[in-house]
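Notes follow the structure.
The values are calculated or read from the model by the stated rules, or taken from the named source; none is laboratory data. None of the values given here were measured: they were computed from a predicted structure. Cβ coordinates were reconstructed from backbone atoms using ideal geometry, including for glycine residues, and neighbour counts include every protein chain displayed. We work out accessible area using only protein heavy atoms, side chains counted, and drop any ligands, DNA or RNA first. Shrake-Rupley method; radii C 1.70, N 1.55, O 1.52, S 1.80 Å.
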Amino acid sequence: MDALTAEDVAAYLREHPDFLAQHADLVQHLTPPAMAHGKGVVDFQYFMVERLRGEVGRLKEQQRELITTTRANINNQNRIHAAVLFLLDARSFEQLIQTITTDLAVLLDLDVAGLAVEANGDDRPHVHTSGVRVVEAGTVDGWLGKRDVMLYSDTRGDPAIFGAAAGLVRSQALIRIQVSEDTPPGLLAFGSRDPDMFHSGQGTELVCFLGRVIERSIRAWLDLPE
């Protein structure tokens, strides 16, 4: 096959004048000729083409970012779904707590998970299980205020939440856990050594959903009212 020549390309474009309109993405790869109109005369056509080239580049970058974000969201959703199935498969309350405090970190590709519950005076109900940390009354509101979830980037883990693994934590998600009106508030915590794994700009729907599943699972095993 003979190689295309410049004359062949020019002839094709003359026969298909709408070619670039149908393939606008090619404009960014073309170098338009500089048109000389005399001293002090601006070539607006050149600037329009350059502007179009920039717009195409920005749109492509936005498209790549959207695809990356969509893939990450789908991946996170799949991980949450797998975590919920593990919680539902627990055959005892102790296994449920182990799943929350150990297995969830693996399932969600994190470094550490923790569960804390506030003490209710001298009474510490339903926390006679390893993996559940007891904190002073009012601590959960101290961490979350009136919110149900908080995401922190580039931070340090609190040993009161993560114990000896707190030194690994550089970003964290804290989710309020309220099993029932008769039990003290608790806190579900996820930590990562990646300082940007959690940040304030992220959506919180998935981790909130996981928190609500954990509330219902604990309530069912302890046979508590809502």
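Per residue, region 127-196 exposes 48 Å² of accessible surface when a 1.4 Å probe is rolled over the protein heavy atoms with every protein chain present.
Run the accessible area of region 81-226 with a 1.4 Å probe and give the carbon-and-sulfur part as a rounded percent. Solvent-exposed carbon and sulfur of region 81-226 make up 49 percent of the total. Rolling a 1.4 Å probe across all protein chains gives residue 182 an accessible area of roughly 120 Å². Phi angles of region 215-223 translate, via the Karplus equation with coefficients 6.51, -1.76, 1.60 and θ = phi - 60°, into HN-Hα couplings of 4, 5, 5, 5, 4, 5, 5, 8, 6 Hz per residue; Gly and Pro are given as x. Peptide packing: for 96-106, 137-147, 183-193, 77-87, the average count of neighbouring Cβ atoms within 10 Å per residue gives the ranking 183-193, 96-106, 77-87, 137-147, highest mean first.
With the whole protein complex present, residue 200 retains an accessible surface near 110 Å², based on a 1.4 Å probe.
Take every pair of alpha-carbon atoms less than 8 Å apart whose residues are at least six positions apart; their mean separation over the length of region 86-226 yields a relative contact order of 25 percent.
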